[in-house]
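*Asks:* Here's a structure for you.
The values are calculated or read from the model by the stated rules, or taken from the named source; none is laboratory data. Because the structure is predicted, anything quoted here is derived from the model rather than measured. Heads up, the Cβs are rebuilt from the backbone with ideal geometry, glycines too, and the neighbour counts pull from every protein chain shown.
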Amino acid sequence: MKSIISTPSAPQAIGPYSQAVEANGFVFVSGQIPINPANGQMPEGIEAQTEQVMHNIGAILDAAGLSFANVVKSTVLLKNIADFVTMNGIYAKYFTKDCPARAAFEVSALPKGALIEVEVIACKN
């Protein structure tokens, strides 16, 4: 059995997918790009984009009754791996203890020209 998680506090899906899906005690948050849900715009620069992505993830986790402390796995996609150190500094503000497992990759392109996309898996237990 699965249930769909959705919140207006994060960007609506731009394709045939859900913001998040809960199944068997896990919440799978779809990759979030740095769209501000209030105005539909993307900020410029890796710092502002990383902050917006993390804000979007936080809103979805909150809608599921969870927080960043529940995240067990994350995947970070970067347009430029040279942005890793900057992204990591901002990411570290959200994961301060018992950090999740993580993978990070450079990719050739991201939706809407974003510099970063992040997906997470969280556990309700």
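*Asks:* When region 95-124 is examined, which residues are found to be surrounded by 14 or more Cβ atoms within 10 Å (Cβ to Cβ) and either closer than 11 Å to T50 by Cα or among the charged types (D, E, K, R) (or both)?
*Replies:* R102, A114, L115, I116, E117, V118, E119, listed by residue number.
*Asks:* Cβ-Cβ below 9 Å, separation at least six or inter-chain, first residue in region 4-22 and among the charged types (D, E, K, R) and modelled with pLDDT of 95 or more, second in a loop (DSSP other than H, G, I, E, B) and surrounded by 11 or more Cβ atoms within 10 Å (Cβ to Cβ): which pairs?
*Replies:* As it stands, the answer is E22/A64; E22/K124, since those pairs meet every condition given.
*Asks:* In this structure, does T86 turn out to be over 20 Å from Q19 (Cβ atoms) and at pLDDT 95 or above?
*Replies:* In short, yes.
*Asks:* Let me ask another. Which residue out of T96, T86, T75 is assigned to a loop (DSSP other than H, G, I, E, B) and among the β-branched types (V, I, T)?
*Replies:* None of the others qualify; the one that does is T96.
*Asks:* Right, here's the next one. Which residues, taken from region 99-114, are under 15 Å from G31 (Cα atoms) and outside any strand (DSSP E or B)?
*Replies:* In the first step, residues of region 99-114 are kept if they are under 15 Å from G31 (Cα atoms); the result is 102-107, 109-114.
V107, A109, L110, P111, K112, G113, A114, listed by residue number.
*Asks:* Tell me whether region 3-12 contains one or more residues that are over 19 Å from A114 (Cα atoms) and in contact with a Lys or Arg (Cβ under 7 Å, 6 or more places away or on another chain).
*Replies:* There is no residue in region 3-12 that is over 19 Å from A114 (Cα atoms) and in contact with a Lys or Arg (Cβ under 7 Å, 6 or more places away or on another chain).
*Asks:* Being in a loop (DSSP other than H, G, I, E, B) and crowded, with 16+ Cβ neighbours inside 10 Å is the filter here, so list the residues in region 7-36 that pass it. Even if it seems obvious, please write down each step before you answer.
*Replies:* Here is the first cut: in region 7-36, the ones in a loop (DSSP other than H, G, I, E, B) are 7-19, 24-25, 33-36.
Hits for region 7-36 are T7, A10, P11, S18, Q19, I33, P34, I35.
*Asks:* Let me ask another. Looking at the structure I just gave you, is N80 within 12 Å of E119 (Cα to Cα), at pLDDT 95 or above, out of contact with any Leu (no Cβ under 6 Å at 6 or more places or on another chain) and of a type outside the set (A, V, I, L, M)?
*Replies:* When the stated conditions are applied, N80 does not pass them.
*Asks:* I've got another one for you. Scan (1) within 15 Å of I121 (Cβ to Cβ); (2) touching an Asp or Glu at 6+ places or on another chain (Cβ under 7 Å); (3) not polar (S, T, N, Q) for the single condition I81 breaks and write down its number.
*Replies:* (1)
*Asks:* Here's another thing I want to ask about it. Within region 60-72, how many residues are outside any helix (DSSP H, G or I) and over 13 Å from V120 (Cβ atoms)?
*Replies:* The initial filter retains those residues of region 60-72 that are outside any helix (DSSP H, G or I), namely 64-67, 71-72.
Add one more test, that the residue is over 13 Å from V120 (Cβ atoms), and what stays is 65.
So the answer is 1.
*Asks:* Residues in region 37-59 that are free of Cβ contacts under 8 Å to residues at least 24 places away in the same chain, surrounded by fewer than 16 Cβ atoms within 10 Å (Cβ to Cβ) and part of a helix (DSSP H, G or I): how many?
*Replies:* 1
*Asks:* Still on this model: Of K97, K112, which residue is under 20 Å from L61 (Cβ atoms) and more than 13 Å from the chain's Cα centre (by Cα)?
*Replies:* K97
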